[in-house]
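Enquirer: Provided herewith is a single structure, encoded as structure tokens, for subsequent inquiry.
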Amino acid sequence: MQVLLSAGTNTSAGTMEWALSLLLNNPQILKKAQNEIDKVVGHDRLIDESDVAKLPYLQCIIRETMRIHPVGPLLVPHESSEDCVVGGFQIPRGTMLLVNMWAIQNDPKIWDDATEFKPERFGGLEGVRDGFKLMPFGSGRRSCPGEGLAMRMVGLTLASILQCFEWGRVSKEMVDMTEGTGLSMPKAQPLLAKCHPRPLMVNLLSQI
Ligand code: HEM
């Protein structure tokens, strides 16, 4: 239980913090996500978990966030159980292997405009696995068992705060996107943001 809590909290919260930071620096993308939520869910009820799968643009935002800022940048150390070859290198049994997922997911040789936040790049690719270039949850037998839960949790939380509130930066300065140190790659500077209830949602929110 403790493993699930420690592996599941910072990773999910960190991903949401990176996502909201990216959205604040790209208000046109934030607006597009809100428009999608308004179209699918409307203003007469709060978004529900079952709605999240009907929000493809939001899913693209989450995937693009995890591409640029994976909270498991080196995955978890793996050990070869047998002699094997990885990328042309002979790896003896019992070797510790680290996968630099951050480098793969930000590699300009693999991704067009690799440093740019472009959720559209995943448009129409829902559920598609494009080789091993995007693996924020790892791959194979030791990949993240919380992937399904995390995608639902991050999706529902982000969608809820976007549905209910207008968000803005605290000043004209862009949100500082410097990566901090630590296994789950936190932001160097915690996110500070301004929010107020969306006028269209005030009625509903006042009934809660
Ligand atoms: C956005 C959220 C999350 C991300 C990005 C993430 C990412 C990862 C990554 C990269 C690994 C290592 C995979 C590998 O080395 O191949 C991992 C392992 C793991 N994750 Fe997650 N995770 C997230 C949320 C969760 C949640 C919600 C739970 C549980 C409730 C969870 C439980 C675990 C556990 C138990 C492992 C170790 C699996 C093993 O060693 O066999 N994670 N996660």
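Enquirer: Give the calculated FRET efficiency between SER6 and LEU98 to the nearest 0.05, with a Förster radius of 25 Å applied to their Cβ-Cβ distance.
Expert: For R0 = 25 Å, the calculated efficiency reads 0.80.
Enquirer: 222 nm [θ] for the chain, helices only, -39500 (n - 2.57) per DSSP H run of 4+, per residue, to 500?
Expert: Calculated mean residue ellipticity at 222 nm is -12500 deg cm²/dmol.
Enquirer: Same structure again: In percent, what relative contact order does region 61-167 have, based on Cα pairs under 8 Å that are 6 or more apart in sequence? List each step's numbers first, then the result.
Expert: Numbers: 100 pairs, mean separation 29.6, N = 107.
Computed value for region 61-167: 28 percent relative contact order.
Enquirer: Calculate the spin-label point distance for LYS109 paired with ALA13, positioning each point 7 Å from the Cα along the beta-carbon direction, and give it in nanometres.
Expert: 3.8
Enquirer: Among the GluC sites (Glu not before Pro) in region 73-155, which ones are in a DSSP loop with at most 14 other Cβ atoms within 10 Å of the Cβ? Mind listing them?
Expert: GLU82, GLU116, GLU126
Enquirer: At 0.36 nm per residue, minus the direct Cα-Cα distance, what do SER143 and GLN207 gain on full extension? Give it in nm, one decimal, please.
Expert: Working: separation 64, 0.36 × 64 = 23.04 nm, distance 4.20 nm.
Additional length available on full extension: 18.8 nm.
Enquirer: Continuing with this model, one more query. Based on the mean of other beta carbon atoms within 10 Å per residue, what is the order of 48-59, 173-184, most packed first?
Expert: Highest-to-lowest ranking by the protection proxy: 48-59, 173-184.
Enquirer: Same structure, new question: Subtracting the Cα-Cα distance from 0.36 nm times the residue separation, let me have the gained length for GLU166 to THR181 in nm, one decimal.
Expert: 2.4 nm
Enquirer: Just need log10 I(q)/I(0) for the chain at q = 0.11, 0.14 Å⁻¹, Debye formula, equal scatterers on the alpha-carbon atoms, no solvent, rounded to two decimals.
Expert: -0.57, -0.90
Enquirer: Just tell me, in residue order, which DSSP H segments of the chain are both 30 angstrom or longer along the helix axis (alpha-carbon based) and at least -1.0 in mean Kyte-Doolittle hydropathy.
Expert: 2-25
Enquirer: Now for a different question. Find how much the distance from VAL76 to ASN35 grows on full extension, using 0.36 nm per residue of separation minus their present alpha carbon separation; answer in nm with one decimal.
Expert: Working: separation 41, 0.36 × 41 = 14.76 nm, distance 3.72 nm.
Separation in residues times 0.36 nm, less the Cα-Cα distance, equals 11.0 nm.
Enquirer: Taking the alpha-carbon centroid of each part, what is the distance from region 1-79 to region 137-208 in angstrom?
Expert: Taking the Cα centre of region 137-208 as reference, the centre of region 1-79 is 6 Å away.
Each reported figure results from applying straightforward, stated rules to the coordinates on display, with no laboratory input. As the structure is a computational prediction, the values presented were derived from the model and not from experiment. Heads up, the Cβs are rebuilt from the backbone with ideal geometry, glycines too, and the neighbour counts pull from every protein chain shown.
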